[in-house]
Amino acid sequence: MIYRPIVLDEEIKFSKKKFIVSKTDLKGKIIFINKNFSEVSGYTESELIGVPHNVLRHPDMPRAVFYLVWQKLLAGNKISGVIKNLAKDGRYYWVIADFEPKRDKDGNITTLTAFRRAAPQDVIDTTEELYATMVAIEKKHGMEKSLAYLEGFLEEHNLSYDEFIAELIKPKGIIAALLSTFKKVFG
């Protein structure tokens, strides 16, 4: 069992060229992490294998975001998001995460893979305000009201969640090429 650290207000910065990869089973238990995952999170592979991935969930993250991610993945679809994770030492790091369900030869979803890269400051700034509002709503009124707030926010901007995230996180230049190559290697 992993104990949750005391949350510190200190960010871990890492290279935009460093990709963090993990795979989970369909219940969210970690079955694989790459070396970069260990380096950034501070956890060893042996500490995380078999542990629910939500051990990394930072308290500033709205539960509603993970609800949307799981809904989409278990329906067999890819989804991206901006995530604030909690490291072993209590510090945090922001990532852009691309989640993908993996299937067996019969088309059944068998595992879920996440490819993460450092989130640029403009992405963090946009996301942080939205998430703070959603977390406050969740604390007072529950996750359903947080989801309703997010839906209203998206309607106001005339975007779906996927469109909002895609526009926000669109990789550019060499990062787009590196991400594509990395997904081919680990996908």
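The values are calculated or read from the model by the stated rules, or taken from the named source; none is laboratory data. These numbers come from a predicted model, not from an experiment. Note that each Cβ is placed from the backbone with ideal geometry, even for glycine, and that neighbours are counted across all protein chains shown.
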> What about VAL55, is it within 17 Å of GLY28 (Cα to Cα) and either among the polar types (S, T, N, Q) or assigned to a helix (DSSP H, G or I) (or both)?
Replying inline: yes
>> Please list, ordered by residue number, the helices (runs of 4 or more DSSP H) wholly in region 69-184 having 1 or more residues that are exposed (fewer than 15 other Cβ atoms within 10 Å of the Cβ) and modelled with pLDDT of 95 or more.
In response: 121-141, 143-156
>> Condition first: more than 30 Å from SER15 (Cα to Cα), charged (D, E, K, R) and without any contact (Cβ under 8 Å) to a residue 12 or more places away in the chain. Now tell me which residues in region 117-175 satisfy that.
In response: LYS139, LYS140, GLU144, LYS145, GLU151, GLU155, GLU156
> What is the number of the single condition among (1) at pLDDT below 95; (2) buried (at least 19 other Cβ atoms within 10 Å of the Cβ); (3) of a type in the set (A, V, I, L, M, F, W, C) that ILE30 does not meet?
Replying inline: (1)
>> For region 63-95, give me each residue that is more than 25 Å from GLU45 (Cβ to Cβ) and among the hydrophobic types (A, V, I, L, M, F, W, C).
In response: ALA64, VAL65, LEU68, LEU74, ALA75, ILE79, VAL82
> In the set VAL21, VAL55, which member is within 17 Å of the chain's Cα centre (by Cα), modelled with pLDDT under 95 and β-branched (Val, Ile, Thr)?
Replying inline: VAL55
>> Yes or no: region 49-66 includes at least one residue that is of a type in the set (Asp, Glu), closer than 16 Å to ILE12 by Cβ and in contact with a helix residue (DSSP H, G or I) (Cβ under 9 Å, 6 or more places away or on another chain).
In response: yes
